[in-house]
Amino acid sequence: MSMLKSVLEQFGASLRPLERSGVTIGHIILLLLALDEMKTAGRRVLCQVLSLGEGTTRTVLGKLSALGVVQVSRAGARLSEQGKRLVSAIKSRISRPILLRAGEKLTLKKVNAALLIRGVQAESISVLEVRDDVIRFGGRGAVLLVKRETDLYIPPGNTRVSERYPSLYYELEKRLQPEDGDIILIGMGEESISVMVAILNAAVDILLESGSSE
C-alpha cells in the first residue's frame, strides 16, 4: 500500500497544472484501467473514455509518458512495464468501475456506477465525507456498502441489501465478487463517465486517508 500511496501522491502533484482543464486523478486511473483492458488505444478513443477534449487528452498522455507509465507511438498509447505494475497495484485495491443496471431503486438516479475497495477498515470511513467527496468531483451522491460474511450491508443502519434490494445485491455479487470486509462505493449522477471519475477520485481519497486492514 505504501508504494501505491506514494505513486498516487506523485500523480496528484503532477496533475496540478491540469486541474484548470478538469483533469483529476480519477481520469488518470480510468485511462490506465482502460489501457490495461484494451492494450493499445488511439487518442480519439481515449477522448471518449475520459470525456475530455483531444488537446487535453494529448497533454495527459504526455504527462504519463514523462512519468514512464505510458508509451505513445503512431499505433496509439499503451502501458509500459512500469505502468503495468502500477495498474496491478491499483487493481489490488480498487476495481474498475462498472455501470449498474439495478441501482435505480436504491439511488433514485438513472446513472449509477460502482467499484470495489479492498484492504480498508470500514470503521475508519465517514459515509458523509465520502458522499461529499463524490459530489465535489462531479457526482450527485453516493452510497457505501460493506461485505460481511454472506451479505452486503448499508451503514450505519446495517440494512441488508439482499433483502431490501435483491436485484442490486445479485448484480454486485456477480460482477464485483466482494469478499468479507470489502467495501463497495456506488455513485450516482446524470452522465456515466463523470460518475465513474467521481467515485474513482473518492476511492483514492479513501485509500490515502483511511487505515488499511492489512
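Bear in mind that the values in this text are calculations on the coordinates, not laboratory data. Remember, predicted model here, so these are calculated numbers, not experimental data. Neighbour counts are summed over all protein chains in view; Cβ atoms, including those assigned to glycine, are modelled from backbone coordinates with ideal geometry.
Straight-line reach from Lys91: taking Cα to Cα under 20 Å and skipping same-chain neighbours fewer than 8 places apart, the lysines in range are Lys5, Lys39, Lys147, Lys174.
Positive-end ranking of Leu30, Thr56, Thr40 along the dipole of region 2-91, with charges on Cβ about the Cα centre, is headed by Thr40.
By the rule of a C-alpha distance below 15 Å, with chain neighbours fewer than 8 residues away ignored, the aspartates and glutamates paired with Lys105 are Glu163, Glu171. Of the peptides 33-39, 201-207, the order by per-residue mean of other Cβ atoms within 10 Å, starting with the highest, comes out as 201-207, 33-39. Dividing the mean sequence gap of close Cα pairs (under 8 Å, 6+ apart) by how many residues region 137-214 holds gives a relative contact order of 38 percent. Charging the Cβ of each Asp and Glu at -1 and of each Lys and Arg at +1, and nothing else, the dipole of region 150-214 about its Cα centre rounds to 200 debye. The 3J(HN,Hα) values that the Karplus relation (6.51, -1.76, 1.60; θ = phi - 60°) gives for region 133-146 are, in residue order, 5, 4, 5, 4, 9, x, x, 10, x, 7, 9, 9, 10, 10 Hz. Gly and Pro appear as x. Between amide H atoms placed 1.01 Å from N, distances below 5 Å from Val111 occur with Gly189, all of them 5 or more places distant or on a separate chain. Whole-Hz Karplus values for region 31-44 come out as 5, 4, 5, 5, 5, 4, 7, 8, 6, 9, 8, x, 5, 5 Hz, taken residue by residue from phi with 6.51 cos²θ - 1.76 cosθ + 1.60 and θ = phi - 60°; glycine and proline positions read x. Basic side chains Lys and Arg get +1 at the Cβ, acidic Asp and Glu get -1 at the Cβ, and with that the dipole of the chain about its Cα centre reaches some 880 debye.
Could you work out the relative contact order of the chain, using alpha carbon pairs under 8 angstrom and six or more residues apart, expressed as a whole percent? RCO, the chain: 22 percent.
At 222 nm, what helix-only mean residue ellipticity would the chain give, in deg cm²/dmol to the nearest 500, using -39500 (n - 2.57) for each DSSP H run of four or more? Mind showing how you got there, number by number?
On the way: 10 runs with 107 residues, N = 214.
After summing the helix terms and dividing by residue count, I get -15000 deg cm²/dmol.
The mean sequence separation of alpha-carbon pairs under 8 Å and at least six residues apart, normalised by the residue count of region 15-87, gives a relative contact order of 31 percent. Each of Ser162, Thr107, Phe137 was scored by the projection of its Cα onto the charge dipole of the chain, and the greatest displacement toward the positive side belongs to Phe137; charges sit on the C-beta of Lys, Arg, Asp and Glu. Rank Ile125, Ser192, Leu172 by how far each Cα sits towards the positive end of the charge dipole of region 122-203 (+1 on Lys, Arg Cβ; -1 on Asp, Glu Cβ) and give me just the farthest. Looking along the dipole axis, the top candidate is Ser192.
Given Cβ point charges of +1 (Lys, Arg) and -1 (Asp, Glu) and nothing else, what value in debye, to the nearest 20, does the dipole of region 2-91 about its Cα centre take? Walk me through the intermediate numbers first.
Numbers: 13 positive and 6 negative charges, 35 e Å.
Dipole size: approximately 160 debye.
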